[in-house]
Amino acid sequence: MTTHSGSSKASRGMATVQKKDFLWCLAPLALWAVCWLFMPEPGLFLYLNHSARSLPDIVWVTFNMLGNGWSVFALCSPLLVFAPRLLTSAIFGGAIAGALSRWPKHVLEMPRPAGILDHASFYILERPLTSFAMPSGHTLTAFAVLSGIYFAIDRKHRGPFFWLFILATFGGLARIAVGAHWPSDVFAGAALGIFGGILGGHFSNRLPDALFQRASWLLRAIGVGAALCAYMLLTTKIDFKLAQPIQYIFATIAIASVLIFFWRSFRSAKIHN
């Protein structure tokens, strides 16, 4: 993976992206409009929710974890060792998109499927949620983090990493599969998430290279954050009880990444001293 290395190079990339990349935010909204034209709610929700039963709950619970901040940070933590600028982009993207989602979620207070439909008419995994539907926070987080990685990569090298958007899409579909959100919530979350991811990528690419050296305070702070994610995954229920084995796997990934990073960081500091 290649990222911008100098501030002037990052600035040139920023100017280009402003004209082109923000159009990506329109893709989920356009798809939303097409779906609404041919199969408006609640038909589309019921169709997707019922179709999702072809896969076991553990599959959707795993994809659902892409939308939880603790778990997706833990999953991305190997980037702390191999591509720290990309991980920083993901963190920035998630933080920006999360901040943007607060206003519509709490002002609109739109009902979820379980707040309107008969619970017997669709599948709900565990406890039904009834309010604060728009936008889907899980979908927003998945798209913000994964698109943050994508847009931090040099434009010439992004192509092979389009699968990040596919992965985020399954994270959004998981929210429909477990009966938590309308498709419209997912589309809105995807649009806001991509917007946050683009900004996260740009801000990360503007940071000086010195902040991405192994002994930098920024990376050590992120390493502590990854350790906290591992702790939360090991001690807290994340969304669904069924997710516990996946939490342990993600926590193991974070712990291994943190140990490798800090070993290399202190080793590098000792050599330079």
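The values are calculated or read from the model by the stated rules, or taken from the named source; none is laboratory data. Model, not experiment: these values are computed from the prediction. Cβ: placed from backbone, ideal geometry, glycine included. Neighbour counts: every protein chain shown. In case anyone asks, the SASA skips ligands and DNA or RNA and just uses the protein heavy atoms, side chains included. Shrake-Rupley method; radii C 1.70, N 1.55, O 1.52, S 1.80 Å.
Quick test for you: out of G196, G159, G200, pick the one residue that is free of Cβ contacts under 8 Å to residues at least 60 places away in the same chain and not polar (S, T, N, Q).
Only one candidate qualifies: G159.
Can you name every residue in the range 59-70 that is touching an Asp or Glu at 6+ places or on another chain (Cβ under 9 Å) and open to solvent by less than 20 Å² (accessible area, probe 1.4 Å)?
The answer is V61, N64, M65, G67.
Tell me which of these L167 doesn't satisfy, since it passes every other one: (1) touching a residue at least 40 places away in the same chain (Cβ under 8 Å); (2) open to solvent by 30 Å² or more (accessible area, probe 1.4 Å); (3) in a helix (DSSP H, G or I); (4) more than 26 Å from M134 (Cα to Cα).
The single condition L167 does not satisfy is (4).
Based on this model, can you work out whether L125 counts as modelled with pLDDT of 95 or more, touching a Gly at 6+ places or on another chain (Cβ under 7 Å) and surrounded by fewer than 21 Cβ atoms within 10 Å (Cβ to Cβ)?
In short, yes.
Name, by its number, the condition in (1) modelled with pLDDT of 95 or more; (2) within 15 Å of S204 (Cα to Cα) that does not hold for I96.
For I96, the exception is condition (1).
What is the residue count in the range 34-58 for residues that are in a helix (DSSP H, G or I), open to solvent by 60 Å² or more (accessible area, probe 1.4 Å) and free of Cβ contacts under 8 Å to residues at least 60 places away in the same chain?
The number of residues fulfilling the criteria is 5.
Here are L218, L233, L192, L211: which of them is in contact with a Leu (Cβ under 6 Å, 6 or more places away or on another chain) and buried (at least 24 other Cβ atoms within 10 Å of the Cβ)?
Criteria check complete, one pass: L192.
What are the pairs, 6+ residues apart or on separate chains, where a residue within the range 112-138 that is acidic (D, E) has its Cβ under 9 Å from a residue that is not in a loop (DSSP other than H, G, I, E, B)?
Sorted first by the residue in the range 112-138, then by its partner, the pairs are E126/K241; E126/L242.
Would you check if F151 is assigned to a helix (DSSP H, G or I), aromatic (F, W, Y), in contact (Cβ under 8 Å) with a residue 40 or more places away in the chain and within 24 Å of S216 (Cβ to Cβ)?
yes
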